[in-house]
Amino acid sequence: MSDLDLFSDPYGSDPYGDPDHDDRGRRSRRPGTRRQGQRQRQKQRRRARNGKAAFLFAMAFLVAVVGTGGVLGAAWLDHRMNPPDYEGQGTGSVTVQIKDGDSGSTIAATLLSHQVVKSTGAFVEVYGKNPKAAGIQPGFYKLRKQMSSAAAMALLLDPKSRAGNLITLPEGLRVSQVVQQLVSKTGIPKSDFEKVVRRPTGLGLPSYANGKLEGYLFPGQYNLNPNASAREVLKMMVDRFNQFARQSDLEGRAQRAKLKPGSVITMASLVQAESGRPSDMPKISQVIYNRLRHRPVPMFLKFDSTTLYGLGKFGIVASSEDIKSKNRYNTYNYGGLPPGPISNPGEKAIDAVFEPEDGDWLFFVATDPDNRITEFASTEAEFEVLRRKLNKYLESKGGN
């Protein structure tokens, strides 16, 4: 064996038996292997093309976003710097309410919601530049739609634009008197108010009102919506009572005083009707307590005001015929409190029920109604002296 034979491959010239080489050392040209290479190269080209497209799309999207953001940012900045505003005096008519304590931005939002101004920014800008803006009064205003902010501001500062009916209802009015004043101020037919008084549903009356408005139309100043109905106007007054009752803890105070809330309002209406001055109220309240708690037998209140109320009359002194009447409000004939309030009392009268002035008075007489003078007595003899004073006053006036 030659040296060459020692190193020769008995299985061929490729020492590793490469199937892609023939016995002469040449690469095999089998069809399957060639197709696999082509597919691999095609995949690589597709990946390259897809990657390039994705890159170009991403760049285009980025440019679009940056460009749009720039446009939007510029638009936002322009909107802030130059808020949109209408031009001119506007058209049509709209009633807008400005409430007590409203700020410039609050007023702007109210105007925008009623389509008066085009943007809050434009109005706030005008508001901030006008030194009289803080003088805008709460109330109802008749404005127009699509006004310039400057024109809207001018109308809000013009008293002639006030569309509401400002009315002050004093303490101690009966419901019938309240209705009379509301009819005169609003022009709403009296029959509309009377219908609500007869059926006061939906007004939010407290349960202790027993479905009656008397006593629960809280006195005070009201700015009436010119578009409101009779029911809405009366509801506003009941709402004011409920607000007072919550804030003053009326029910809690009544419970601590061992009184029913309805009895408190009834007593307060008597105090209101019988007092000439606020300083008299705690004393009159004490007289009521003293008579109702009198021992050994409670005393009748014998208030002319309740007796006249039951008869639908007005006056200072009930006549002998009035005193004989059988109506339940006649406290000459019926013991205890009347069945309900006889007027709409104010805050001071209600407070007087909870804070009576200490004293043993059992009587009081308005000896000089013109000057609102009321005097108090503890005995029948003292009372007779005061009653003679009143009779002398009545004679000077020609009677009751």
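The values are calculated or read from the model by the stated rules, or taken from the named source; none is laboratory data. If you're wondering where the values come from, they're calculated on a predicted model, not measured in any experiment. Positions of Cβ are backbone-derived with ideal geometry, glycine not excepted, and every protein chain shown enters the neighbour counts.
Anything in the stretch 365-400 that is more than 44 Å from the chain's Cα centre (by Cα), assigned to a strand (DSSP E or B) and among the β-branched types (Val, Ile, Thr)? List them, or say none. Even if it seems obvious, please write down each step before you answer.
Applying the first criterion (more than 44 Å from the chain's Cα centre (by Cα)) to the stretch 365-400 yields 367, 377-400.
Now drop any that are not assigned to a strand (DSSP E or B), which leaves 367, 377.
Once the filter is applied, which keeps residues that are more than 44 Å from the chain's Cα centre (by Cα), assigned to a strand (DSSP E or B) and among the β-branched types (Val, Ile, Thr), the stretch 365-400 yields only THR367.
Out of GLN272, GLN286, report the one residue that is more than 17 Å from ASN344 (Cβ to Cβ), crowded, with 21+ Cβ neighbours inside 10 Å and in contact with a Pro (Cβ under 6 Å, 6 or more places away or on another chain). Show your work before the answer.
Values: GLN272 fails: more than 17 Å from ASN344 (Cβ to Cβ).
After applying the criteria, what remains is GLN286.
With respect to GLN115, determine if the residue is part of a helix (DSSP H, G or I) and either free of Cβ contacts under 8 Å to residues at least 60 places away in the same chain or exposed (fewer than 15 other Cβ atoms within 10 Å of the Cβ) (or both).
Working: part of a helix (DSSP H, G or I): no; either free of Cβ contacts under 8 Å to residues at least 60 places away in the same chain or exposed (fewer than 15 other Cβ atoms within 10 Å of the Cβ) (or both): yes.
It is false that GLN115 is part of a helix (DSSP H, G or I) and either free of Cβ contacts under 8 Å to residues at least 60 places away in the same chain or exposed (fewer than 15 other Cβ atoms within 10 Å of the Cβ) (or both).
Could you tell me how many of the residues in the stretch 95-108 are in a helix (DSSP H, G or I), touching a helix residue (DSSP H, G or I) at 6+ places or on another chain (Cβ under 9 Å) and exposed (fewer than 15 other Cβ atoms within 10 Å of the Cβ)? Talk me through it step by step, then tell me what you get.
The initial filter retains those residues of the stretch 95-108 that are in a helix (DSSP H, G or I), namely 104-108.
Narrowing the set further to residues that are touching a helix residue (DSSP H, G or I) at 6+ places or on another chain (Cβ under 9 Å) leaves 104-105, 107-108.
If we keep only those that are exposed (fewer than 15 other Cβ atoms within 10 Å of the Cβ) too, we end up with 105.
Of the residues in that region, 1 qualify.
What number of residues in the stretch 372-382 are out of contact with any Leu (no Cβ under 6 Å at 6 or more places or on another chain) and either buried (at least 18 other Cβ atoms within 10 Å of the Cβ) or touching a residue at least 40 places away in the same chain (Cβ under 8 Å) (or both)?
Total meeting the criteria: 4.
Inside the stretch 107-144, can you point out the residues that are of a type in the set (Ser, Thr, Tyr) and more than 13 Å from PRO84 (Cβ to Cβ)?
Quick first cut of the stretch 107-144, residues of a type in the set (Ser, Thr, Tyr) only: 110, 113, 119-120, 127, 141.
Listed by number, the residues that qualify are THR110, SER113, TYR127, TYR141.
Considering the stretch 179-227 alone, what residues qualify as being hydroxyl-bearing (Ser, Thr, Tyr), within 16 Å of LEU169 (Cβ to Cβ) and assigned to a helix (DSSP H, G or I)?
SER184, THR186
From the list ASP322, ASP360, which residue is surrounded by 15 or more Cβ atoms within 10 Å (Cβ to Cβ) and either under 15 Å from SER269 (Cα atoms) or at pLDDT 95 or above (or both)? Before the answer, list the steps.
Working: ASP360 fails: surrounded by 15 or more Cβ atoms within 10 Å (Cβ to Cβ).
Matching residue, one of ASP322, ASP360: ASP322.
Could you grab me the full set of residues in the stretch 153-178 that are in a helix (DSSP H, G or I) and among the β-branched types (Val, Ile, Thr)? Break it down into steps so the answer makes sense when it comes.
Start the filter on the stretch 153-178 by keeping residues that are in a helix (DSSP H, G or I), which leaves 153-156, 159-161, 175-178.
Listed by number, the residues that qualify are VAL175, VAL178.
Would you point out which residue out of LYS235, LYS283 is at pLDDT 95 or above and more than 26 Å from the chain's Cα centre (by Cα)? Let's see the steps before the verdict.
Working: LYS235 fails: more than 26 Å from the chain's Cα centre (by Cα).
Answer to the check: LYS283.
Among the residues of the stretch 228-242, what is the count of those that are part of a loop (DSSP other than H, G, I, E, B) and of a type in the set (D, E, K, R)?
Taking the stretch 228-242 first, the residues part of a loop (DSSP other than H, G, I, E, B) are 228-229.
Subset that is of a type in the set (D, E, K, R): none.
Qualifying residue count for the region: 0.
Please pick out the residue among GLN243, GLN221, GLN272 that is of a type in the set (S, T, N, Q) and closer than 22 Å to PRO339 by Cβ.
Details: GLN243 fails: closer than 22 Å to PRO339 by Cβ; GLN221 fails: closer than 22 Å to PRO339 by Cβ.
Testing whether each residue is of a type in the set (S, T, N, Q) and closer than 22 Å to PRO339 by Cβ leaves just GLN272.
Quick grid of which residues meet (1) in contact (Cβ under 8 Å) with a residue 12 or more places away in the chain; (2) in contact with a strand residue (DSSP E or B) (Cβ under 8 Å, 6 or more places away or on another chain); (3) surrounded by 14 or more Cβ atoms within 10 Å (Cβ to Cβ):
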{"position": "TYR127", "(1), (2), (3)": "yes, no, yes"}
{"position": "GLY139", "(1), (2), (3)": "yes, yes, yes"}
{"position": "LEU156", "(1), (2), (3)": "yes, yes, yes"}
{"position": "VAL179", "(1), (2), (3)": "yes, no, yes"}
{"position": "LYS185", "(1), (2), (3)": "yes, yes, yes"}
{"position": "ILE188", "(1), (2), (3)": "yes, no, yes"}
{"position": "ARG198", "(1), (2), (3)": "no, no, no"}
{"position": "LEU203", "(1), (2), (3)": "yes, no, yes"}
{"position": "TYR208", "(1), (2), (3)": "yes, no, yes"}
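Could you list all residues from the stretch 313-364 that are part of a loop (DSSP other than H, G, I, E, B), of a type in the set (A, V, I, L, M, F, W, C) and under 22 Å from PHE241 (Cα atoms)?
Taking the stretch 313-364 as the starting set, the residues that turn out to be part of a loop (DSSP other than H, G, I, E, B) are 313-319, 324-346, 355-362.
Adding the requirement that they be of a type in the set (A, V, I, L, M, F, W, C) leaves 314, 316-318, 337, 342, 361-362.
Matches in the stretch 313-364: LEU337, ILE342.
Looking at the stretch 218-227, is at least one residue in the same structural domain as VAL179 (by TED's automatic domain parsing), out of contact with any strand residue (DSSP E or B) (no Cβ under 9 Å at 6 or more places or on another chain) and modelled with pLDDT of 95 or more? Spell out the reasoning first.
Of all residues in the stretch 218-227, those in the same structural domain as VAL179 (by TED's automatic domain parsing) come to 218-227.
With the extra rule that they be out of contact with any strand residue (DSSP E or B) (no Cβ under 9 Å at 6 or more places or on another chain), the set shrinks to none.
So far as the stretch 218-227 goes, no, none of its residues is in the same structural domain as VAL179 (by TED's automatic domain parsing), out of contact with any strand residue (DSSP E or B) (no Cβ under 9 Å at 6 or more places or on another chain) and modelled with pLDDT of 95 or more.
List pairs: first in the stretch 387-399 and surrounded by 10 or more Cβ atoms within 10 Å (Cβ to Cβ), second of a type in the set (Ser, Thr, Tyr) and not in a helix (DSSP H, G or I), Cβ under 6 Å, 6+ apart or cross-chain?
These pairs meet every condition: LYS389/THR367; LEU390/THR367.
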